[in-house]
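Everything below concerns the one structure shown next.
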Amino acid sequence: MLPSIKTNKHISVQEAQKKMERYCAYQERCHQEVVRKLREMRMIPEAIDHIMAHLIKENYLNEERFAKSFARGKFNIKKWGKKRIVQELKNRHISRFNIKSALKEIDDEDYLNTLHSLAIKRLSQITETHPQKRKRKLADYLLYRGWESDLVYAKIKELT
């Protein structure tokens, strides 16, 4: 008998529910991630609805909590701007209300300080000598990370 052969055995709704409880307890999840995981487990739509209702009722799943955690994490760890965070939350089908609530987690002063330190750090890494190309590279970098264009261009003007 070969070890670790994956079988396509069917699992019960209770087993799937326990797996999803552990999956959601490990880290915050959005509804879309959990539904995708349940579909991968080949659960039928009725079972998915039942499990999702249970997870929400028992507070394993909470989209507002997910959105807040996501926004804090992406800002603090990856230094993303608000535009990128909003786009990623929209891609996960998070409501406008929860997105607004999540953005309140980011302190305005921290936001501007992070932009400043990120711009300075990136500017020191750019080896381009032509001033316009340097500015363009810095702008592209900051815009890609989701920082608002008015803030980016004001910061470039201030630093160069």
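Just so it is clear, none of the values below were taken in a lab; they were calculated from the coordinates. Being a predicted model, the structure only gives us computed values, none of them experimental. Cβ coordinates were reconstructed from backbone atoms using ideal geometry, including for glycine residues, and neighbour counts include every protein chain displayed.
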Exercise. Counting other C-beta atoms within 10 Å, which of Leu143, Leu61 has the fewest, and how do the rest follow?
Worked result: Leu143, Leu61
Problem set entry | Burial ordering of Lys157, Lys74, Lys37, fewest other beta-carbon atoms within 10 Å first | Lys157, Lys37, Lys74
Exercise. Among Ser124, Ser117, Ser69, which comes first, then next, by fewest other beta-carbon atoms within 10 Å?
Worked result: Ser124, Ser117, Ser69
For this session: Send over the per residue convex hull volume for the chain, Cα only, as a whole number of Å³.
Result: 161 Å³
Exercise. Tell me which lysines have Cα within less than 20 Å of Lys155's Cα, excluding those fewer than 8 residues away on the same chain?
Worked result: Lys78, Lys79, Lys82, Lys83, Lys121, Lys133, Lys135, Lys137
For this session: Please give the helix 82-91 orientation as an angle from the longest Cα principal axis of the chain, in degrees from 0 to 90, rounded to the nearest 10.
Result: 20 degrees
Problem set entry | Percentage, to the nearest whole number, of Cα pairs in segment 30-115 over 20 Å apart | 42 percent
For this session: Return one number: the angle in degrees, 0 to 90 and rounded to the nearest 10, between the long axis of the Cα atoms of helix 31-40 and the longest principal axis of the Cα atoms of the chain.
Result: 50 degrees
